[in-house]
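Worksheet for the structure shown next.
The values are calculated or read from the model by the stated rules, or taken from the named source; none is laboratory data. All figures in this text were calculated on a predicted structure; none of them were measured in a lab. Here the Cβ positions follow ideal geometry from the backbone for every residue, glycine too, while neighbour counts run over all protein chains shown.
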Amino acid sequence: MIAYQRTQRFGYKEVLLAFEGIINNACENADLTYKFSLSQYTEGIDLDELKNELKAEPVQKINIKYQIPNPDADLLDAIRENQEKTIAEFEAANLTIKHVTYQSNSIEGLNIESDIILKELKNISGLHSKIDSKKAIQNGYVVVETTYVNGLTKSSADMRPVIKHIDEKMNFREEAARTILARRAEQIRLEQ
């Protein structure tokens, strides 16, 4: 986890791209053949909340991005013990990212209650039995982008980012460390 201070000229997308570039450049310089991608850490959204969000107004397009997890040590051990279907399929295909898009040209938009879309939404929780939809979205393993019939676009990566407002008198480093440790402690508590 990386804590950073936003400015009007340099927002979270630019910070993520910059850190991603630094890490990938270091990997390239070390002759490593893999690359990293970073995403914003959010509060997450569970499957029912996501469905309700999609039903709020007519949706013209849903794009779901699946990414192989880059988990913490405990989850990594669980994945190594049993990859389960989705992660095994990703590895068999040498796949890092998968995009699934549903689009309608109708003014009514997509039928969110249809079997095909409900099945895809259920797949969000199918990366691994230890990763529910909220955790998948929270950690950026799954990103759901929607375009509504009115043209408005939303992304789960932008919803409920973890933000800590710090008084100028406080030490940024200490407050950032406290926030990250508190988030990690909460994750561990929920996993037990």
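Tabulated data
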read-out: Complete set of residues in the range 160-176 that are outside any loop (DSSP other than H, G, I, E, B), within 30 Å of Leu50 (Cα to Cα) and either of a type in the set (Val, Ile, Thr) or at pLDDT 65 or above (or both); value: Ala176
read-out: Subset of the range 13-61 [surrounded by fewer than 17 Cβ atoms within 10 Å (Cβ to Cβ), among the aliphatic types (A, V, I, L, M) and part of a loop (DSSP other than H, G, I, E, B)]; value: Ala30, Leu32, Ala56
read-out: Residue match in the range 130-137 (condition: in contact with a Phe, Trp or Tyr (Cβ under 7 Å, 6 or more places away or on another chain), surrounded by 11 or more Cβ atoms within 10 Å (Cβ to Cβ), part of a loop (DSSP other than H, G, I, E, B) and modelled with pLDDT under 80); value: no
read-out: Test set (1) modelled with pLDDT of 75 or more; (2) exposed (fewer than 15 other Cβ atoms within 10 Å of the Cβ) - Ser125 fails condition number; value: (2)
read-out: Flag for Val144 being surrounded by 11 or more Cβ atoms within 10 Å (Cβ to Cβ) and modelled with pLDDT of 80 or more; value: yes
read-out: Scope the range 53-73; condition of a type in the set (S, T, N, Q) and modelled with pLDDT of 80 or more; matching residues; value: Gln60, Asn63, Gln67
read-out: Residue, farthest from Thr33 (Cα to Cα), within the range 89-99, restricted to residues that are loosely packed, with under 12 Cβ neighbours inside 10 Å and touching a residue at least 24 places away in the same chain (Cβ under 8 Å); value: His99
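Conditions (1) touching a strand residue (DSSP E or B) at 6+ places or on another chain (Cβ under 8 Å); (2) modelled with pLDDT of 80 or more, marked per residue:
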{"position": "Leu75", "(1), (2)": "yes, no"}
{"position": "Lys85", "(1), (2)": "no, no"}
{"position": "Lys98", "(1), (2)": "yes, yes"}
{"position": "Gln103", "(1), (2)": "yes, yes"}
